[in-house]
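Here the structure is laid out as structure tokens; the discussion comes afterwards.
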Amino acid sequence: MPVSPEPVIRVLDDPQRACAELLAEQAGRGGSIVLTGGSAVAPVYTTASRLEPNWRKVTLWWGDERCVRPGDPRSNYLLACESLLDRLLHLPSQVHRIRGEAEPPAAAAEYDALLREATLDLLLLGLGPDGHCASLFPGSPQLDVDDRLATWGPPGLEPFVDRVTLTLPALRSARRIVFIALGESKADAVAAAFGGEISHDVPASLVRLAEVPVEVLLDRDAAASL
Ligand code: 6PG
């Protein structure tokens, strides 16, 4: 296994604020930003929209999407609309929504083709309690997809709907990779992902094989087992 750069871990009183600030800075500079789903990021996106209301220079992507309609409460696109896009003064020049309403293989193939033309500047990722990130779940065959930038598969955790997800080569290609994890329920996953061996059992740890060091924003509870 190639040597990977050490994760840059920041244990903060307010990791969501820190994440919002780096997101707003990137939005002000422009480029391709990849959003995540999950419970940690709605406040991040809302604060970022206040810090930087002009996203005209941004091309927006998602790291994964549930295979549901865009108006479905489980949609990561809807999460971003409600917490970010609906609050901006100027929308991103391009919004590449993963078409969750389409057949998963078609939606994944479409996104793969779009991603081939892209350079990802900032990738945001959450961390599941099982160590998953995006919709790459422990032991899943999607972890071994290395000839495409997007793929699809069944869920490993709720909500139990199929997912479209960026693959590890796509995630690792980002110029900047930032994880955010909050709360004691993530402490073991954080320790495994960023303090343990790189392993298929912990998909987030596999992102550490990127050329850039992954940055990890934690509160004290999530960092408790490091
Ligand atoms: C999703 C996310 C997923 C999420 C983690 C953490 O589609 O659900 O992309 O990867 O980031 O599951 O989510 P929580 O912060 O809600 O635990």
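Below, the figures for the structure above:
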read-out	value
Pairs with Cβ under 6 Å, 6+ apart, first in segment 79-95 and free of Cβ contacts under 8 Å to residues at least 60 places away in the same chain, second in a helix (DSSP H, G or I) and surrounded by 14 or more Cβ atoms within 10 Å (Cβ to Cβ)	Ser83/Ala42; Ser83/Tyr45; Ser83/Thr46; Leu84/Tyr45; Leu84/Ser49; Arg87/Ser49; Leu88/Ser49
Helices (runs of 4 or more DSSP H) contained in segment 109-226 and holding at least 3 residues under 14 Å from the mean Cα position of the chain (by Cα), among the hydrophobic types (A, V, I, L, M, F, W, C) and within 14 Å of the ligand (Cβ to nearest atom)	168-172
Count of residues meeting criterion [open to solvent by 20 Å² or more (accessible area, probe 1.4 Å) and under 18 Å from Leu84 (Cα atoms)] in segment 2-25	4
In segment 26-73, the residues that are within 12 Å of the ligand (Cβ to nearest atom) and among the charged types (D, E, K, R)	Asp64, Glu65, Arg66
Inter-residue pairs, beta-carbon under 8 Å, first within 18 Å of Arg116 (Cβ to Cβ) and open to solvent by less than 20 Å² (accessible area, probe 1.4 Å) and in segment 127-151, second more than 12 Å from the ligand (Cβ to nearest atom) and of a type in the set (D, E, K, R), 6+ apart	Ala150/Asp112; Thr151/Asp112
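Conditions (1) on the phi > 0 side of the Ramachandran plot; (2) crowded, with 24+ Cβ neighbours inside 10 Å; (3) in contact (Cβ under 8 Å) with a residue 40 or more places away in the chain, marked per residue:
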| position | (1), (2), (3) |
| --- | --- |
| Glu158 | no, no, no |
| Val161 | no, no, yes |
| Phe179 | no, yes, yes |
| Val190 | no, yes, yes |
| Ala193 | no, yes, yes |
| Val207 | no, yes, yes |
| Val216 | no, yes, yes |
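The values are calculated or read from the model by the stated rules, or taken from the named source; none is laboratory data. Predicted, not measured: the structure shown is a model, and the values here were computed from it. Using ideal geometry, Cβ is built from the backbone for each residue, glycine included, and neighbour counts are taken over all protein chains shown. For accessibility, only protein heavy atoms count, side chains too; no ligands or nucleic acids. Shrake-Rupley method; radii C 1.70, N 1.55, O 1.52, S 1.80 Å.
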